[in-house]
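Before any comments, here is the structure.
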Amino acid sequence: MAAAQSHKKLVTKLLVWAVGMFGFALFVMPPLYDLFCEITGVGIREAERYEATPVAVDTSREVSVIFAATNNEEMPWRFEPMQSKVVVHPGERYEVKFYAKNLTDRDMIGQAIPGLVPFSAGDFFHKTECFCFNNQPLAAGEEAELALVFVIDPELPRSIKSLVMSYTLFDITPATADTVAQLQ
């Protein structure tokens, strides 16, 4: 009987301890955390601090962007930029289109892999929309215009006056057989 009484006391203490810890975590910790963050500046939520600032267009200079498209040797599509070159001001939003046509009698899925020259400009060429972000399913004989929307950061070093944005198109149909079946 003394053992049962001892167990009952222990279970009661553990339950009180668990409820106390839950209450502490739920009601005491958030204000302490917020106070700690406010005092130290650590852990401040970025969503609360972020303020979008518009990018100013640098009209004092121009950058040539040349577009190139190639197919991997196993990709039987026609794939090419609809504009081979554009001249833009850093900070300016620009859109170009690429043309793709599945020349085969079977449904296929392509994936474009980008490359930028000079490589050092990679941190300054921002694609906001790109066909390279997604697989490109095309039915047999189907064609499509594929969009690329980009902005060149005004912080691009002034020594860089031209860029080459190239894409290589790969056949990824075997790796995505389920998606091809959905096209049919």
Check: Of all residues in region 99-137, how many are over 16 Å from the mean Cα position of the chain (by Cα), hydrophobic (A, V, I, L, M, F, W, C), surrounded by fewer than 20 Cβ atoms within 10 Å (Cβ to Cβ) and part of a strand (DSSP E or B)?
Finding: 2
Next item on the list: Would you kindly identify the helices (runs of 4 or more DSSP H) lying entirely within region 1-80 that contain at least 3 residues that are modelled with pLDDT of 75 or more and over 37 Å from the mean Cα position of the chain (by Cα)?
Entry: 2-23
Item checked: Filter result for Gly91 (in the same structural domain as Ala68 (by TED's automatic domain parsing) and touching a Leu at 6+ places or on another chain (Cβ under 6 Å)) -> no
Note to self: Can you tell me how many residues within region 61-80 are hydrophobic (A, V, I, L, M, F, W, C) and more than 15 Å from Lys97 (Cα to Cα)?
What the structure shows: 3
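The values are calculated or read from the model by the stated rules, or taken from the named source; none is laboratory data. Just so you know, these numbers come straight off a predicted model, no measurement behind them. With ideal geometry, Cβ positions are generated from the backbone for all residues, glycine too; neighbour counts draw on all protein chains shown.
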